[in-house]
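Trainee: Starting off with a structure, shown below.
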Amino acid sequence: RIHLVGIKGTGMTALAEILLARGALLGGSDGAERFYTDRILKELGIPFWESFEPEHVALDAELVIHSAAYCRESNVELLTARQRGLPVLSYPEAIGLLSVGCDASGIAGTHGKTTTTAMVGTILKVLEIPVTVLVGSEVANFGGRSTLVLGDKYFVAETCEYRRHFLNFQPERIVLTGIETEHLDYYRDLEDVLSAFEQYCRRLPPGGLLIYQADDPGNRRVVEGLKGSRPDLCFQPYGRGAEGAFQITAIKTEKRLTRFKLRGFNREFILKHPGEHSAHNAAAALALAASMLQREGEEFGPDRVEAMAKALYDFRGSRRRSEVIGEAAGVLFMDDYGHHPTEVLKTLAGIKAFYPERRLVVDFMSHTFSRTERMLYRMGDSFGGADQVIVTDIFAAREANDGR
């Protein structure tokens with residue numbers, strides 16, 4: 001029996017679904033605020049409280065797992081678990097344990113890891129690979145869930161660099177979508193961020209595979225360091241500047257479709273998702289899926305390529321990633337979580353190319369005070385694709401306003 005503190009969080013609900021599929025008895029608690037995961041937890045039949053109280057931790061509980069948003073020194077349920085001598089794991093530690101003992105792949109990077117992981121799962125589903133996939137957002141192709149459970153031989157997870165959480169994960173393969181300065185409430189600077197990603201990649205075993213976006217300067221720096229010190233690793237680049245099968249040779253947007261070609265494939269791939277960055281995410285997903293298919297001992301024949309291409313065409317995106325909310329009075333409403341200058345720039349460029357006939361009005365809420373302060377000038381330059389920008393109050397998230 002496992003108790004989950006902060007069970008409504010996207011990752012925690014996804015973890016709960018995985019644990020339930022593996023036979024665990026679950027309960028949990030969180031705040032009273034309504035979230036989309038309320039529906040998922042009720043569909044799964046997992047009981048939860050909307051407050052934190054010592055008695056919520058069942059007397060027969062054997063393990064407590066908590067969201068990284070809650071502190072072991074202040075949350076009453078985590079204090080209760082410690083008083084009872086129960087083992088306590090954070091969400092990143094629990095995901096790390098799931099990665100041990102199976103063939104695990106971690107999707108990492110400052111941008112694009114959610115969409116890339118969702119695309120991987122969508123492809124592996126049609127390939128019928130016995131995999132569990134965990135994404136940091138709700139995925140339409142997963143039936144509105146953040147988890148796809150098709151088996152436990154393989155595990156693919158979105159792994160986060162914040163506070164070096166991904167160092168809990170034990171991967172056989174890593175996808176690096178790109179590395180930039182980020183999370184400056186924790187990291188000192190870009191060098192500190194790069195060191196964390198290099199640490200993560202060094203967790204790959206001999207023969208482990210690193211799939212990386214070859215056009216990204218941060219990725220190239222990490223890869224250069226690894227090639228000199230870890231000749232036992234395998235490297236698979238993708239992108240416009242890549243060598244080999246996953247070099248992107250063409251990208252174009254027309255009729256609200258993103259079309260791209262790869263050097264090693266005698267066909268065009270089509271996405272119903274805007275932006276050149278979407279083509280790069282898809283190339284990464286194809287590279288990882290191909291590697292896993294080969295691990296299964298299957299030939300990478302034309303029928304498999306066709307199935308993968310169809311999966312990408314049918315990919316419907318994930319929550320708050322260029323998500324179309326609806327249309328009213330001729331106005332199309334979209335929601336996107338992008339909050340880093342590079343994300344904003346590329347997302348707006350993709351939307352503008354998708355809808356060239358429309359006026360683009362952006363209602364932007366910056367995420368955290370530290371990011372806004374440290375990236376203010378870059379952020380200002382990232383809205384060039386918009387016709388009008390509305391800036392709202394900063395979303396504090398985990399931070400407090402110091403008055404600056």
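Trainee: Where a ≥ b ≥ c are the square roots of the eigenvalues of the C-alpha gyration tensor, would you call segment 211-296 rounded, which needs a/c under 1.5, or, failing that, prolate if a/b is larger than b/c, or oblate?
Mentor: Taking the square roots of the gyration eigenvalues as a ≥ b ≥ c, segment 211-296 is prolate.
Trainee: Which distance in nm do the two modelled labels at Cys102 and Tyr313 give, with both placed 7 Å along the Cα-to-Cβ direction?
Mentor: Calculated label separation equals 3.1 nm.
Trainee: Quick one: which residues, 5+ away or cross-chain, put their amide H under 5 Å from the amide H of Gln236? H built at 1.01 Å from N.
Mentor: Amide H neighbours of Gln236: Leu210, Ile211, Tyr212.
Trainee: Separate question: Using θ = phi - 60° and the Karplus curve 6.51 cos²θ - 1.76 cosθ + 1.60, what whole-Hz ³J(HN,Hα) does each residue of segment 382-387 get, with Gly and Pro shown as x?
Mentor: Karplus values, whole Hz, x for Gly and Pro: 8, 9, x, x, 8, 8.
Trainee: What is the local net charge at Gln83, summed over the other residues whose Cβ is closer than 12 Å to its Cβ (Lys, Arg +1; Asp, Glu -1)?
Mentor: The answer is +2.
Trainee: Something else about it: Going by average Cβ density within 10 Å per residue, which order do the peptides 197-209, 328-340 take, highest to lowest?
Mentor: My ranking of the peptides, most packed first, is 197-209, 328-340.
Trainee: Which shape class applies to segment 100-313: rounded if a/c is under 1.5, otherwise prolate when a/b exceeds b/c and oblate if not, where a ≥ b ≥ c are the square roots of the Cα gyration tensor eigenvalues?
Mentor: rounded
Trainee: Along Cα→Cβ, 7 Å out, is where each label goes; now give me the distance between the ones at Ala21 and Ser229 in nm to one decimal.
Mentor: For the pair Ala21/Ser229, the computed spacing is 3.6 nm.
Trainee: Lys and Arg at +1, Asp and Glu at -1: add these up for the other residues within a Cβ distance under 12 Å of Ile129 and post the number.
Mentor: Here the count lands on -1.
Trainee: Greater than 23 Å separation of Cα atoms is the criterion. Which listed pairs, Lys255/Lys352; Lys252/Lys352; Lys8/Lys346, meet it?
Mentor: Listed pairs above 23 Å: Lys8/Lys346.
Trainee: For the chain, return all DSSP H helices satisfying: extent of Cα atoms along own axis at least 30 Å; mean Kyte-Doolittle hydropathy at least 0.0.
Mentor: Within the chain not a single helix satisfies the rule.
Trainee: Within the set of other residues whose C-beta is less than 12 Å from the C-beta of Thr347, count the net charge using Lys and Arg as +1 and Asp and Glu as -1.
Mentor: The answer is -1.
Trainee: Shape of segment 323-391 from its Cα gyration tensor (a ≥ b ≥ c, root eigenvalues): rounded if a/c is under 1.5, otherwise prolate when a/b > b/c, or oblate?
Mentor: Verdict is prolate for segment 323-391.
Computed from the coordinates by the stated procedures, all read-outs in this text should not be read as laboratory data. None of the values given here were measured: they were computed from a predicted structure. Note: ideal-geometry Cβ built from the backbone for every residue, glycine included; neighbour counts use all protein chains shown.
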